[in-house]
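Inspection log for the structure reproduced underneath, given as C-alpha cells.
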Amino acid sequence: MLMTSTALAQVPPDPANPNEAVPEKATYVPYGPTIKLDQAKKAADAALAESTKRGWPMCIAVVGPSGDLVYFVKMDDCQYASISIAQHKARASAKYRRPTVVFERLLGRGPFFSYLATLDDVIASRGGNPIVVDGKIIGAIGVSGGTGSQDDLISQAGAASMK
C-alpha cells in the first residue's frame, strides 16, 4: 500500500496588492435578453451620426450579451484593422460587463493587473461600452478607427441612444 501526504504551503498576503481584498458582495449589471436587430441598428446609427458630424471614419460593431455580432458598419476610409478591433471591443465589453477603458486603466496601474492580458477576449483599449436597457445588459457597442478617446466618445453616443 502506497501512502502519501501533501503539505500545502500558504502564501502570505501581499498588502501592496489590491487584488488581495475580498469583497463581501459581487457587484455587476445582470444580463438581459439579446439586443434585437432594430435596437442594434439604432445604437449604430447614433454612433454613425456622431462620427459623421465629427468627420471621423469609424467601424462600429454591435453584439449581443454573448459577444456574437448583431450589426456592423464600416464607414468609407476607415482603416481595415478597425474592422476586427471594433468587434473585439464590443465582444469584450459584453462578455465582461464593463467598458473596455476599465482594462486599459487597470493595466496602467501596474503589475498587479498584468493577469488581465491572459484572459480570453480582453482588449485594453477604449471604445467598447455595454448597452444597458432597464438595468440589464442586452449587448455592447465597439468602435475603432480613431484615437482611443475618439473611439470611446462615439461608442458612448451609441450606447446612450438606448437609454
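Could you list, in sequence order, all residues of the stretch 41-57 that are surrounded by 15 or more Cβ atoms within 10 Å (Cβ to Cβ) and either aromatic (Phe, Trp, Tyr) or more than 16 Å from ALA160 (Cβ to Cβ) (or both)?
TRP56, PRO57
Would you pick out the residues in the stretch 62-78 that are surrounded by 18 or more Cβ atoms within 10 Å (Cβ to Cβ), in contact with a Cys (Cβ under 8 Å, 6 or more places away or on another chain) and assigned to a loop (DSSP other than H, G, I, E, B)?
Once the filter is applied, which keeps residues that are surrounded by 18 or more Cβ atoms within 10 Å (Cβ to Cβ), in contact with a Cys (Cβ under 8 Å, 6 or more places away or on another chain) and assigned to a loop (DSSP other than H, G, I, E, B), the stretch 62-78 yields only CYS78.
Return the residue satisfying two criteria in turn: it lies in the stretch 112-159 and is β-branched (Val, Ile, Thr) and closer than 22 Å to ASP76 by Cβ, and of such residues it is surrounded by the fewest Cβ atoms within 10 Å (Cβ to Cβ).
THR147
From the set of residues in the stretch 70-112 that are touching a Phe, Trp or Tyr at 6+ places or on another chain (Cβ under 6 Å) and not basic (Lys, Arg), which is modelled with the lowest pLDDT?
LEU107
Of the numbered conditions (1) of a type outside the set (Gly, Ala, Ser); (2) surrounded by 14 or more Cβ atoms within 10 Å (Cβ to Cβ); (3) over 10 Å from the mean Cα position of the chain (by Cα); (4) in a helix (DSSP H, G or I), MET162 satisfies every one except a single condition; which is it?
Among (1) of a type outside the set (Gly, Ala, Ser); (2) surrounded by 14 or more Cβ atoms within 10 Å (Cβ to Cβ); (3) over 10 Å from the mean Cα position of the chain (by Cα); (4) in a helix (DSSP H, G or I), MET162 violates only (4).
Would you call ASP120 over 13 Å from the mean Cα position of the chain (by Cα), in a loop (DSSP other than H, G, I, E, B) and not polar (S, T, N, Q)?
No; evaluated as a whole, the condition is false for this residue.
For the structure I just gave you, tell me whether LEU153 is under 17 Å from ALA47 (Cα atoms) and out of contact with any strand residue (DSSP E or B) (no Cβ under 8 Å at 6 or more places or on another chain).
Criteria met by LEU153.
For THR118, all conditions in the list (1) modelled with pLDDT of 95 or more; (2) closer than 30 Å to ASN17 by Cα; (3) of a type in the set (S, T, N, Q) hold save one; what is the number of the exception?
(1)
From the residues in the stretch 19-40 that are of a type in the set (A, V, I, L, M, F, W, C) and not in a loop (DSSP other than H, G, I, E, B), which one is surrounded by the fewest Cβ atoms within 10 Å (Cβ to Cβ)?
Filtering the stretch 19-40 for residues that are of a type in the set (A, V, I, L, M, F, W, C) and not in a loop (DSSP other than H, G, I, E, B), the one surrounded by the fewest Cβ atoms within 10 Å (Cβ to Cβ) comes out as LEU37.
The values are calculated or read from the model by the stated rules, or taken from the named source; none is laboratory data. Please read these numbers as outputs of a predicted model, since none were measured by experiment. All Cβ positions, even for glycine, are placed from backbone atoms using ideal geometry, and neighbour counts span all protein chains on display.
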